[in-house]
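Working notes for the structure below.
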Amino acid sequence: MKDRENFKDSIIKILKADWGKGLEQAEIHEKYHSLSKAIMERITDDWNKTQQEYGKGKQAYYFSAEFLMGRALGNNLMNLGIYEEVKEVLEEMGMDFNLLEEAEEDAGLGNGGLGRLAACFLDSCATMNLPVTGYGIRYRYGLFKQKFVDGFQVEEGDHWMKYGDPWSVRRNEDEITVEFSDGKVKAVPYDMPIIGYGTGNVNRLRLWQAEPVQEFDFGLFNEQRYDEAVKEKNRAEDISRVLYPNDSKKDGKILRLKQQYFFVSASLQDLVKKFKEKHGKDFEQFPQYHAIQLNDTHPVVAIPELMRILIDQEGIDWDRAWEIAVHTFAYTNHTILAEALEQWHSRLYKKLLPRIYQIIQQIDKEFVATLKEKGYPSSKIKAMRILSDNRIKMAWLAIHGSHTTNGVAELHTEILKHQELKDWYELYPHRFQNKTNGITPRRWLALCNPELAAMITELLGTKDWITDLAKLKELEKYLDDKAILERFLDIKVQKKKQLAFYIEKHEGIVINPESIFDIQIKRLHEYKRQLLNGFHILDLYFRIKENPDMDILPRTFIFGAKAAPGYFRAKAIIKFIHEIADLVNHDPDIKDKIKVVFVQNYRVSYAEKLFPAADVSEQISTAGKEASGTGNMKFMLNGTPTLGTYDGANVEIVEEAGEENNFIFGARVEELEAIKDSYDPKVYYEKVPGLKRVVDTLIDGTFNDGGTGMFRELYQALLEGASWHKPDHYFVLKDFEEYRKAHEKIDEAYRDRLGWARKCMKNLANAGKFSTDRTIGEYARQIWHIEPRKIK
Ligand SMILES: *Cc1c(COP(=O)(O)O)cnc(C)c1O
């Protein structure tokens, strides 16, 4: 930075212009805001230049209902290469940079892995100079904020832009009208810069905000009918008011359908408008300039919407429009949980989007005709129809209406091809690809663990690994270097102390940085099996009570998870773990050998503090249920061994880092597939020593669920099942014993300090595959067919 004094002036000026204050009077969020705006000022020219350059060729567009961005300030400064310098400048001005960073609210415009993946992808695209734009919704309220009261989850609205949103620019000139059967709304874009690391390129995330066509009805207002005068305004604004806090559970809300169509229609209209300005009406060329990636089924209404625009507005015939659509779209499948495969009632579509519904009917009709021609039996046709039983099958529409369908980890893609989407794979074998997920090494190592990053840079003699993560492999030459292993352990302790400090401040619980930090952080879901973790902790507790001299290393079990507000069982599991924590943490017999902490409001910025401090990464989902996982990769990149099942990307993590450096346990997909009809959890409940004792705490009065009956319901789900599932359908009891053994192995392995550090380093050195730079390179070459365009 050549112009430090200018930069200071710029901050002061913005503070005065926007907040009418000098530095002395300004609140912390006002200082944060002014600093952020000063950065925006600096990148504007490069941002415009990048967009212009990208306009020259084919571009890709990432359509996603979620972008879990987290905080921008620190990341942007780092990617611009001015982090340290700005810190100095601020300190010269008497500001504490750390406080400014903490003043930023997370942009929590996503639920979990799927939304965070979108955010990591954008970072990689910009860093790799790839012409990719994100399209989504500017939710006024992001994912709810979580608190615990008496161990129960309590949700609060997340008004993340309460103090403004310095990282967005409103573009009135690009507003679009979106039509529903019950009226029109305005879609106004807010653009966020996505700053590449170590390049001048700045990409764009365009988020649509819903607004009324008319602010208020003047006539009604004049008649003093104030509520009615703003009714339309409220109805319109409802569309982008709040992110649905569902994670892989379907939800039949009309508003959700409105959200989906709203952002998809606005985005496509935006693209078509720009295309016509450049290429006139030569729509045959549309796929040569646009690749649109549909992130899960949420934006799949884009397929009939593009058909509508081409046919109704541009006068193109059906067959050509279909060709164009199929060549434009690609679809990513993120889940195989049956309840998460999105379907819509036909009547909802018919009512809200009648023309789109007609188009879907036509697509279905032609598809059925094609299958008949191919000689498909009627049972199979029924199973594959896009419209059947008055339901629209969004995943089927996505596969049929796009050129590529991809899974998100090798195991996941294999399950799709040979089980869940078997019929589709047989119909369209060439359309299926795998794209194993990743994470951006910028946020998930360089930014969140500068201590470890500095050591890596020193050892490799270059920072190149930050954009070429495979280079970490060279760290293998230090695997037997005692001094380096010690340094790794020192850094780990440092990160654990930082986390302990933060947890004490925010959760009011003191934890011991010398203990093993065993961490499970992810959305709360039965298939992710936080309950299995809880049962194991309880078993350990009972064993220590029986044998107070039991030789175990001190352990701190840390959880972080939000439960969807309507997901009763997930909330029961949160309460149950709190009850365990209460019992364990306050029992003097335990002598702090085990401690349990459930951190509140797990989100990206908290995650950045947790991953670097972990000794053990809990990835214990039922085999076959976690499509990929990305949390598992964040742990690995911070040198943490995985305690996990053969599921999702765990399989590939172990393939890269070696099974001997991780702790793999539990039934595999094939085994579960083979036994699923005959599985009887009671056998395990009766026979596995200690298991009955922990399961029974759900009903024997050990714990208090506040009279909700939620613990008994969990107990019944395990041993009796429910109307919609068999007993213990996630095989918690089946895997318990092997899980406990894996924990014992960890206790044993951890005692050999250097041996443990070697495992950690081995994981770190082999994390290269899990960079989103690798993932995005594959999307760019094998799906989007786009090339980098660097501006300088
Ligand atoms: C990475 C991440 C996730 C995804 O975690 P999984 O363990 O892969 O489910 C969810 N939430 C946040 C805040 C994350 O950073």
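Structure summary
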| quantity | calculated |
| --- | --- |
| Residue match in the range 374-384 (condition: buried (at least 17 other Cβ atoms within 10 Å of the Cβ) and assigned to a loop (DSSP other than H, G, I, E, B)) | yes |
| Residue match in the range 626-633 (condition: out of contact with any Leu (no Cβ under 6 Å at 6 or more places or on another chain) and acidic (D, E)) | yes |
| Unique residue being in contact with a strand residue (DSSP E or B) (Cβ under 7 Å, 6 or more places away or on another chain), assigned to a loop (DSSP other than H, G, I, E, B) and more than 16 Å from Y135 (Cα to Cα) when the list is V213, V185 | V213 |
| Residue in the range 110-129 that is within 22 Å of S64 (Cβ to Cβ), more than 16 Å from the ligand (Cβ to nearest atom), in contact (Cβ under 8 Å) with a residue 60 or more places away in the chain and hydroxyl-bearing (S, T, Y) present | yes |
| K595, sole failed condition from (1) among the charged types (D, E, K, R); (2) modelled with pLDDT of 95 or more; (3) more than 19 Å from V616 (Cα to Cα) | (3) |
| Qualifying residue in the range 430-441 (condition: farther than 30 Å from I82 by Cα, under 21 Å from the mean Cα position of the chain (by Cα) and assigned to a helix (DSSP H, G or I)) | no |
| Of all residues making up the range 115-140, the number that are more than 17 Å from the chain's Cα centre (by Cα) and assigned to a strand (DSSP E or B) | 2 |
| Filtered residues of the range 157-196 (kept if small (G, A, S) and surrounded by fewer than 18 Cβ atoms within 10 Å (Cβ to Cβ)) | G157, G164, S181, G183 |
| Flag for E155 being assigned to a helix (DSSP H, G or I) and at pLDDT 95 or above | no |
| Residue within the range 274-295 that is within 30 Å of Y567 (Cβ to Cβ) and without any contact (Cβ under 8 Å) to a residue 12 or more places away in the chain present | no |
| Looking only at the range 596-607, and only at residues there that are more than 8 Å from the ligand (Cβ to nearest atom) and under 19 Å from the mean Cα position of the chain (by Cα), the one that is nearest to H586 (Cα to Cα) | V599 |
| Unique residue being among the acidic types (D, E) and in contact (Cβ under 8 Å) with a residue 60 or more places away in the chain when the list is E626, E655, E686, E659 | E626 |
| Filter result (within 8 Å of the ligand (Cβ to nearest atom), part of a loop (DSSP other than H, G, I, E, B) and not acidic (D, E)) within the range 608-637 | S628, G629, T630 |
| Number of the exception - W424 against (1) surrounded by 15 or more Cβ atoms within 10 Å (Cβ to Cβ); (2) not in a helix (DSSP H, G or I) | (2) |
| Residue in the range 457-465 that is of a type outside the set (D, E, K, R), closer than 19 Å to P612 by Cα and in contact with a Pro (Cβ under 8 Å, 6 or more places away or on another chain) present | yes |
| Of all residues in the range 197-232 being surrounded by 14 or more Cβ atoms within 10 Å (Cβ to Cβ) and of a type in the set (G, A, S), the one that is farthest from the chain's Cα centre (by Cα) | A229 |
| Single residue of L99, L80 found to be of a type outside the set (D, E), more than 16 Å from the ligand (Cβ to nearest atom) and farther than 17 Å from I194 by Cβ | L99 |
| Some residue of the range 639-655 being in a helix (DSSP H, G or I) and away from the ligand (no atom under 15 Å from the Cβ) | yes |
| Subset of the range 518-534 that is closer than 14 Å to T622 by Cβ and more than 10 Å from the ligand (Cβ to nearest atom) - its residue that is surrounded by the fewest Cβ atoms within 10 Å (Cβ to Cβ) | Y527 |
| Helices (runs of 4 or more DSSP H) wholly inside the range 693-781 containing at least 3 residues that are under 27 Å from A470 (Cβ atoms) and in contact with a Ser or Thr (Cβ under 8 Å, 6 or more places away or on another chain) | 772-779 |
| Criterion (over 23 Å from D191 (Cα atoms) and surrounded by 18 or more Cβ atoms within 10 Å (Cβ to Cβ)) met by exactly one of M95, M69, M78 | M95 |
| The lone exception for Y135 - which of (1) within 26 Å of A340 (Cβ to Cβ); (2) within 16 Å of the ligand (Cβ to nearest atom); (3) surrounded by 22 or more Cβ atoms within 10 Å (Cβ to Cβ) it fails | (2) |
| Among residues of the range 25-46, those that are touching a Gly at 6+ places or on another chain (Cβ under 9 Å) and outside any helix (DSSP H, G or I), counted | 0 |
| Out of E85, E101, E105, sole residue that is over 30 Å from the mean Cα position of the chain (by Cα) and within 26 Å of P441 (Cα to Cα) | E85 |
| Yes/no for T177 being away from the ligand (no atom under 16 Å from the Cβ) and either within 29 Å of P565 (Cα to Cα) or out of contact with any helix residue (DSSP H, G or I) (no Cβ under 7 Å at 6 or more places or on another chain) (or both) | yes |
| Failed condition for K492, given (1) farther than 18 Å from L610 by Cβ; (2) out of contact with any helix residue (DSSP H, G or I) (no Cβ under 7 Å at 6 or more places or on another chain) | (1) |
| Filtered residue count, the range 689-735, keeping only those that are without any contact (Cβ under 8 Å) to a residue 24 or more places away in the chain, closer than 18 Å to F152 by Cβ and of a type in the set (S, T, N, Q) | 0 |
| Any chance R71 is within 16 Å of the ligand (Cβ to nearest atom) and either in contact (Cβ under 8 Å) with a residue 12 or more places away in the chain or under 25 Å from A38 (Cβ atoms) (or both) | yes |
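Yes/no per residue for (1) surrounded by fewer than 18 Cβ atoms within 10 Å (Cβ to Cβ); (2) closer than 27 Å to K790 by Cβ:
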position	(1), (2)
N6	yes, yes
I14	no, no
K21	yes, no
E24	yes, no
E30	no, no
S36	no, yes
I43	yes, yes
K49	yes, yes
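The values are calculated or read from the model by the stated rules, or taken from the named source; none is laboratory data. Not measured: the values here are computed from a predicted model. Ideal geometry is used to build each Cβ from the backbone, glycine not excepted, and the neighbour counts take in all protein chains shown.
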